[in-house]
Amino acid sequence: MTHGPTRSLPLAGYRILSAEQYGAAPYGTMFLAQLGAEVIKIEPPAQGDTARAVGPHFLRANESLFFQTFNLNKRSITLDLKSDAGQQVFRRLAARSHAVANNQRGDLPAKLGLTYDALKAVNPAIVCAHLSAYGRGNSRETWPGYDYLMQAEAGFLSLTGEPDGPPSRFGLSIVDFMTGTMMSVGLLAALLAAKDTGIGRDVDVDLLSAALHQTSYPAMWYLNEGDMLGRTPRSSHPSVTPSQLFRTADGWIFVMAQLPKFWTILLDRVGRLDLADDPRFAAPADRTANRDALTHELDAHFSSHPTAHWLSVLQGHMPVAPVHGLDGALDSPYLAETGMVDEVAHVDRAAMKVLANPIRIDGERLPNRAAPLLGEDTDAVLAEAGYDAEAVAALRHDRVI
């Protein structure tokens with residue numbers, strides 16, 4: 001189990017309320033929680049975040065491993081934000097917090113009192129971060145939307161997969177994760193300004209904008225030169241060869257000769273120096289123009305031995321990697337060396353394995369604790385805000401919490 005840095009974590013002392021659900025915003029606010037912020041997750045009474053019910057693996061009924069993925073280190077309260085009494089409680093909590101985050105549909109933050117305009121009277125320095133499918137204040141703000149739709153509309157699918165196959169999405173909800181991270185970056189930037197000025201603001205990010213931003217250099221090529229990047233065989237780099245998958249005797253290997261020196265190293269270490277004298281492969285542009293021929297040559301060579309052999313020949317000398325399944329990726333001894341798999345104690349599982357945060361502080365992995373049960377911290381959070389036991393009981397009786 002990781003123990004974390006010996007000094008206080010960078011966000012210690014910051015309190016963030018988050019009316020969040022499922023994956024995108026929870027992923028981003030989990031980074032804030034792991035960096036030391038007190039992230040108070042606001043969930044609807046009774047059912048909670050819908051992510052709690054996402055199977056197939058559960059710790060107990062409506063306590064899923066999926067939910068644990070995005071909510072480590074947080075506190076959970078139940079609160080009906082649609083009720084007047086719930087709004088009163090929320091405003092009281094916001095008055096003693098630094099930020100509010102949400103990933104509600106674009107038209108809902110204003111209706112649920114989650115905006116800076118709604119909260120500035122009780123806390124002029126509050127930062128309100130909003131994550132939605134298509135943003136707020138535009139013709140699509142009422143539209144529901146999910147990661148896969150953004151991958152489709154932003155062009156990701158058209159760039160992924162084999163040229164003669166159907167468009168393909170990423171195997172993971174990468175747009176959700178990128179957008180949640182961007183939201184947290186924007187929130188932190190606004191917190192820095194609020195600390196200096198005493199004035200907060202709204203911060204907005206949406207899935208489609210985040211996805212489009214990640215089209216990066218292909219977008220620049222198209223916008224400025226009309227160059228349409230398409231799919232390449234073997235997941236090849238669009239302009240550098242060889243930088244792609246090759247067949248081995250027992251699977252695949254990804255080789256990236258991104259620099260001319262790596263082309264030389266590759267040929268030397270695999271015993272194909274003859275290819276350096278082949279005019280089809282003499283210069284980088286020649287290798288790209290004759291990618292199919294080069295793939296044929298190297299496929300035949302790599303297929304003579306298993307992946308492990310070629311890794312032993314190439315790793316550490318040039319960029320190369322095996323093509324793992326999740327089992328190979330997560331069972332790798334290298335993860336044990338770097339501490340990327342952690343264990344936390346959960347009431348239903350004494351040693352639950354989780355992924356460590358990729359950020360290190362003072363050379364140490366960030367500490368983890370299990371995600372909370374639904375409403376686990378409601379009484380404590382309300383008591384900290386000044387509600388006595390009788391008031392909490394009344395709120396529970398009225399189903400506000």
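The values are calculated or read from the model by the stated rules, or taken from the named source; none is laboratory data. Because the structure is predicted, anything quoted here is derived from the model rather than measured. Cβ: placed from backbone, ideal geometry, glycine included. Neighbour counts: every protein chain shown. The area values use the complete protein model at the heavy-atom level, side chains included, leaving out ligands, DNA and RNA. Shrake-Rupley method; radii C 1.70, N 1.55, O 1.52, S 1.80 Å.
Key figures for this structure:
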| item | result |
| --- | --- |
| Top-ranked residue in the range 92-130 [being among the hydrophobic types (A, V, I, L, M, F, W, C) and in a helix (DSSP H, G or I); ranked as nearest to A391 (Cα to Cα)] | L93 |
| The range 122-162, residues that are open to solvent by 70 Å² or more (accessible area, probe 1.4 Å) and farther than 19 Å from V203 by Cβ | S139, T142, W143, P144, Y146, Y148, L149, E153, E162 |
| Leading residue by the ranking (least open to solvent (accessible area, probe 1.4 Å)) among those in the range 41-62 that are touching a residue at least 40 places away in the same chain (Cβ under 8 Å) and in contact with a helix residue (DSSP H, G or I) (Cβ under 6 Å, 6 or more places away or on another chain) | R52 |
| Restricting the range 226-240 to residues that are under 18 Å from D286 (Cβ atoms) and out of contact with any strand residue (DSSP E or B) (no Cβ under 6 Å at 6 or more places or on another chain), the residue that is surrounded by the most Cβ atoms within 10 Å (Cβ to Cβ) | T232 |
| Residues of the range 162-214 that turn out to be closer than 28 Å to P238 by Cα, touching a Ser or Thr at 6+ places or on another chain (Cβ under 7 Å) and in a helix (DSSP H, G or I), as a count | 2 |
| Residue check, A329 free of Cβ contacts under 8 Å to residues at least 24 places away in the same chain, open to solvent by 80 Å² or more (accessible area, probe 1.4 Å) and of a type outside the set (S, T, Y) | no |
| Any hit, the range 22-30, residues being more than 18 Å from H346 (Cβ to Cβ), modelled with pLDDT of 95 or more, in contact with a helix residue (DSSP H, G or I) (Cβ under 6 Å, 6 or more places away or on another chain) and open to solvent by 40 Å² or more (accessible area, probe 1.4 Å) | yes |
| Test set (1) touching an Asp or Glu at 6+ places or on another chain (Cβ under 7 Å); (2) part of a loop (DSSP other than H, G, I, E, B); (3) open to solvent by less than 30 Å² (accessible area, probe 1.4 Å) - G86 fails condition number | (2) |
| Test: L35 is surrounded by fewer than 23 Cβ atoms within 10 Å (Cβ to Cβ), among the hydrophobic types (A, V, I, L, M, F, W, C) and at pLDDT 95 or above | yes |
| Long-range neighbours under 7 Å by Cβ, at least six apart or interchain, first residue among the acidic types (D, E) within the range 180-202, second part of a helix (DSSP H, G or I) and open to solvent by 10 Å² or more (accessible area, probe 1.4 Å) | D202/Y116 |
| Residue match in the range 132-139 (condition: farther than 22 Å from A37 by Cα, modelled with pLDDT of 95 or more, in a strand (DSSP E or B) and within 27 Å of the chain's Cα centre (by Cα)) | yes |
| Check on S243, among the small types (G, A, S), open to solvent by less than 70 Å² (accessible area, probe 1.4 Å) and touching a Lys or Arg at 6+ places or on another chain (Cβ under 9 Å) | no |
| Selection status of G251, exposed (fewer than 14 other Cβ atoms within 10 Å of the Cβ) and within 34 Å of the chain's Cα centre (by Cα) | no |
| Selection count, the range 6-47, where residues are over 20 Å from the mean Cα position of the chain (by Cα), in a loop (DSSP other than H, G, I, E, B) and under 17 Å from R105 (Cα atoms) | 1 |
| Residues (over 38 Å from the mean Cα position of the chain (by Cα) and either among the charged types (D, E, K, R) or assigned to a loop (DSSP other than H, G, I, E, B) (or both)) located in the range 269-285 | G271, R272, D274, D277, D278, R280, A282, A283 |
| Selection count where residues are surrounded by 13 or more Cβ atoms within 10 Å (Cβ to Cβ) and within 18 Å of G28 (Cα to Cα), scope the range 341-389 | 14 |
| Unique match (being surrounded by fewer than 14 Cβ atoms within 10 Å (Cβ to Cβ) and either part of a helix (DSSP H, G or I) or among the acidic types (D, E) (or both)) among L223, L266 | L223 |
| Count of the range 199-220 residues which are open to solvent by less than 30 Å² (accessible area, probe 1.4 Å) and either under 30 Å from Y14 (Cα atoms) or of a type in the set (G, A, S) (or both) | 9 |
| Residue check, L112 open to solvent by 40 Å² or more (accessible area, probe 1.4 Å) and either in contact (Cβ under 8 Å) with a residue 40 or more places away in the chain or of a type outside the set (D, E, K, R) (or both) | no |
